[in-house]
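One structure is given here, and the rest of the page talks about it.
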Amino acid sequence: MKKPLLLVLSMFTGLIALNAKEIQLQSPDGNLQVVVTVDKEISWSAQLKGKPVLEKAVVAMELSDRVSGLEARLAKQSVKEVKQEIQAAVPYKDAIIEDHCNELSLQFRERFSLTFRAYNDGVAYRFSETSRKPYEVLNEKLDLFFPDGAACYFSEEHTTYSHNESWYPYIQLSDIAAGRFCSMPLLIDLPGQAKVLVTETALHRYPGMFLESNGRNGFVSKFPPYVLETRDPARGADRNEIISKEADYIAKVATGRDFPWRVFIISDKDADLVESNLTYQLAEPCVLKDTEWIKPGKVAWDWYNANNIFGVDFKSGLNTATYKYYIDFASDNKIEYVILDEGWTKSTTEILENNPNIDVKELIEYGRQKNVGIILWVLWKPLNANMKQILETYSGWGAKGVKVDFMQRNDQYMVESYEQIAAECARLNLLVDYHGSFKPSGLSRKYPNVLSQEGVKGNENNKWCADVTPEHNLILPFTRMVAGPMDYTPGAMLNAHPVNHNVSYDRPMGLGTRCHELAKYIVYESPLQMMCESPSIYKKEQESVDFITRIPVVWDETRVLEAKVSDYIVVARRKGKAWYVGAMTDASPRELEISLSFLDEGDYKLTLMKDGVNADRYAQDYKLEKRSTNKAGTLKIKMVSNGGWAAILEP
């Protein structure tokens, strides 16, 4: 009678014992099944609706004094249902997140444990060590094997010393030679079946993970070694480093701890990848007692447009008059911030003093009077050398935040530095935007003053290449953006199709139509959202500016209405009672019809921006329309090649 009783109970707990060393865990809806095998090695596999999506994943922690996961002896296993609501301090996707999963805890006699969580939209696991003695982590093993026919959007890297700004070519796993590696998130495609996005979260005091092809339809984990020594290069020493000596381990650990969550978002619907909050749910909770001072917003950004303003009676450039012009533009349009990017300091290493042509204190006061905050750009190297004094000085001047650039590393020391900067800035009520950075990995939940991170090949690349295509733009929501806020820096007004696009460092053009660009403000998530174009050009495009500035940067609810990776997307987001809908397409013209059943009862005022009748030839052509609608209605979305569509619905 005992076995039937165990099976009946397991139907409610999500845990099924198959034999002494095999345990099956299910998602709350029963669609995802995970089988964990404890034998000479520890491995697990996953199925979605009865079909394999991950054939095998072998896991272990290779430590200086033992290997946790090899010949491991299972001492105790338990399962519980986790069901709670998470209120996001800075809700870049959803204000209230339902955190619901079945959790399996495996405790081993060798002083470590493994925790698995099965959610309706994915699986995650992590190691925990209980040793009280210091030790080194030589490697964290993760060997992944996917079903035959699998492909991926391969964000290849050639060194772990990287800005983590990649293209995403679609490649069969069987065609990726052993040794080639990529940054995460990595999106795996099982054609006709499902997609699996692999990433990490709760990354603290530990290096970030890369994935290296094993040459056998899968990947193995790869980590930057612990850095022992660096030296300055002959050129670019203000921002670059040469790592001259590395340890034979990846991390130093002082005592027992939890390691990062390894996250696998799994679905047969592309839309679910964009809607998923797993990286936020599994991140460490907020440690700040007060978050009311954290004010997300839009930013008038200077560097993209090279301070090129015109129609004024002063010489534009790196000077006080030019930045007052930016502040005036921001104030007139209720834009919350202006960034002083590279060039405001005396030099890139003398960052406690300003460029003699720029009076930073005067600009901060001028901005305060006009309700515009100032964010100051700094290089990581000089900031890291004198962090406390520099940040206290900026805070004392009245700056609202910092944009920290050129970290380029993902090793343990650098990951710790991100958190040290976030903590010190939080103490001083400063916002943080990381550029030249790795992907978000949970830090913005623990320190919600970290509003955005780059680690994406975004609009700034328009200054030197023509590769930020609409197709690339339609891969990002399903890959990089799944990890967290994405500082893509949208807002280009010089819109062009590939046939008439020109590369210009000082007068960059954006690929795609005007409405393709406008839709990014709804589709792309970033609580600190740039407006990259010159204010002088924006003043000639006031209708577009007025539309952009009505769009929030944080949201109460997100729904993806239509989506296909690299082809198209339609996202609806709610703020208060108003809804905002953004649609984008690749090089294929597209017509979609969406239901408005997600609206509340009553009439809504609809303001929409759509591709103009000649947008297929002249990408800046658009049409503004206004009318009334309600939840019984539909929206017919027509987009030209490289086009877009955006709408605001207000009760």
Next on the checklist: Students sometimes get this wrong: rank Arg109, Arg427, Arg480 by accessible area, probe 1.4 Å, all chains present, largest first.
Outcome noted: Arg109, Arg427, Arg480
Next on the checklist: Show me, bin by bin at 10 Å from 0, the whole-percent P(r) of the stretch 145-218 based on Cα pairs.
Outcome noted: 20, 52, 24, 4
Checklist entry - From the square roots a ≥ b ≥ c of the eigenvalues of the alpha-carbon gyration tensor of the stretch 318-427, which class results: rounded (a/c under 1.5), prolate (a/b over b/c), or oblate? => result prolate
Next on the checklist: At 1.4 Å probe radius, can you tell me the per residue accessible area of the stretch 325-401 in Å²?
Outcome noted: 42 Å²
Checklist outcome for this item: In whole percent, the fraction of accessible protein surface over the chain that belongs to carbon or sulfur atoms, probe radius 1.4 Å, stands at 46 percent
Checklist entry - If packing is taken as the mean number of other Cβ atoms within 10 Å per residue, what is the order of 548-561, 180-193, highest first? => result 180-193, 548-561
Item to check | Correct option for Cα extents along the principal axes in Å [calculated from the coordinates] among (i) 76, 66, 48; (ii) 118, 64, 47; (iii) 86, 61, 47 | outcome: (iii)
Checklist entry - Given the protein chains as shown and a 1.4 Å probe, how many square angstrom of Asp65 are accessible, to the nearest 10? => result 90 Å²
Item to check | Beta bridge orientation in the stretch 319-426: antiparallel %, DSSP, nearest 5 | outcome: 10 percent
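Ordering His158, His204 by accessible area with a probe of 1.4 Å, largest first, what comes out?
His158, His204
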Checklist entry - Antiparallel DSSP bridges in the stretch 368-520: what percent, to the nearest 5? => result 0 percent
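By DSSP, what percent of the beta bridges with both residues in the chain are antiparallel, rounded to the nearest 5?
Taking every DSSP beta bridge with both residues in the chain, the antiparallel ones total about 85 percent.
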Next on the checklist: What does the C-alpha gyration tensor say about the overall shape of the stretch 528-605? Classify as rounded when a/c is under 1.5, otherwise prolate if a/b is larger than b/c, or oblate.
Outcome noted: oblate
Checklist outcome for this item: For the chain, whose charge dipole is built from +1 on Lys and Arg Cβ atoms and -1 on Asp and Glu Cβ atoms, the candidate among Ile637, Val553, Ile96 with its Cα farthest towards the positive end is Ile96
Item to check | Helix axis angle, 514-523 relative to the chain longest principal axis, alpha carbon, degrees | outcome: 40 degrees
Next on the checklist: If packing is taken as the average number of other Cβ atoms within 10 Å across a peptide's residues, how do 35-48, 80-93 rank, most packed first?
Outcome noted: 35-48, 80-93
Item to check | For the stretch 329-344 versus the stretch 26-76, the gap between their alpha-carbon centres in whole angstrom | outcome: 50 Å
Next on the checklist: Rounded to whole Å, give me the distance from the Cα center of the stretch 495-521 to that of the stretch 421-457.
Outcome noted: 28 Å
Checklist entry - Treating the beta-carbon of each Lys and Arg as +1 and of each Asp and Glu as -1, no other charges, what is the dipole magnitude of the stretch 230-330 about its Cα centre, to the nearest 20 debye? => result 380 debye
Next on the checklist: What's the ranking of 297-309, 442-454, 325-337, 386-398 by average number of surrounding C-beta atoms within 10 Å, highest first?
Outcome noted: 442-454, 297-309, 325-337, 386-398
Checklist entry - Any idea which of Leu352, Asn410, Trp377 is furthest toward the positive side of the dipole for the chain, if Lys and Arg beta-carbons carry +1 and Asp and Glu beta-carbons -1? => result Asn410
Checklist entry - Between Thr549 and Lys623, what is the spin-label point distance in nm, taking each point 7 Å from the Cα along the Cα→C-beta axis? => result 2.7 nm
Item to check | Computed over the stretch 364-408, the ratio Rg/Rh where both radii use C-alpha atoms and Rh is Kirkwood | outcome: 1.04
Item to check | Crossing angle, helix 387-397 versus the chain [Cα axis fit, 0-90 degrees, rounded to tens] | outcome: 40 degrees
Checklist outcome for this item: Measuring from the longest principal axis of the C-alpha atoms of the chain, the long axis of helix 412-427 (C-alpha) lies at a number of degrees, nearest 10, equal to 60 degrees
Checklist outcome for this item: If unit charges are put on Cβ atoms (+1 for Lys and Arg, -1 for Asp and Glu) and the dipole of the chain is taken about its Cα centre, the option from Val79, Ser174, Thr37 lying farthest towards the positive end turns out to be Val79
Next on the checklist: With +1 on the Cβ of every Lys and Arg and -1 on the Cβ of every Asp and Glu, and nothing else charged, how large is the dipole of the chain about its Cα centre, in debye rounded to the nearest 20?
Outcome noted: 1040 debye
Checklist entry - Rounded to the nearest 20 Debye, what is the dipole magnitude of the stretch 579-627 about its Cα centre when Lys and Arg each give +1 and Asp and Glu each give -1 at the C-beta? => result 220 debye
Next on the checklist: Quick check for you: with a 1.4 Å probe and neighbouring chains kept, what is the accessible area per residue of the stretch 405-450, in Å²?
Outcome noted: 19 Å²
Next on the checklist: Using only DSSP helix segments of four residues or longer, with each worth -39500 (n - 2.57), what per-residue ellipticity at 222 nm results for the chain after dividing by its residue count and rounding to 500?
Outcome noted: -4500 deg cm²/dmol
Checklist entry - How many Å² of accessible area per residue for the stretch 454-548, probe 1.4 Å? => result 22 Å²
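Label the stretch 247-377 by shape, choosing from rounded, prolate and oblate, from the square roots a ≥ b ≥ c of the eigenvalues of the Cα gyration tensor; if a/c is under 1.5 it is rounded, and otherwise prolate applies when a/b is larger than b/c, oblate when it is not.
Note, shape of the stretch 247-377 comes out prolate.
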Item to check | Among the listed pairs Lys93/Lys252; Lys21/Lys141; Lys403/Lys520; Lys439/Lys638; Lys245/Lys439, those beyond 28 Å (Cα-Cα) | outcome: Lys93/Lys252; Lys439/Lys638
Item to check | Under 10 Å, Cβ to Cβ, from Leu25 - net charge with Lys/Arg +1 and Asp/Glu -1 | outcome: 0
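The values are calculated or read from the model by the stated rules, or taken from the named source; none is laboratory data. Predicted, not measured: the structure shown is a model, and the values here were computed from it. Backbone-built Cβ (ideal geometry, glycine too); neighbour counts: all protein chains shown. Side chains included, ligands, DNA and RNA excluded: accessible areas come from the protein's heavy atoms. Shrake-Rupley method; radii C 1.70, N 1.55, O 1.52, S 1.80 Å.
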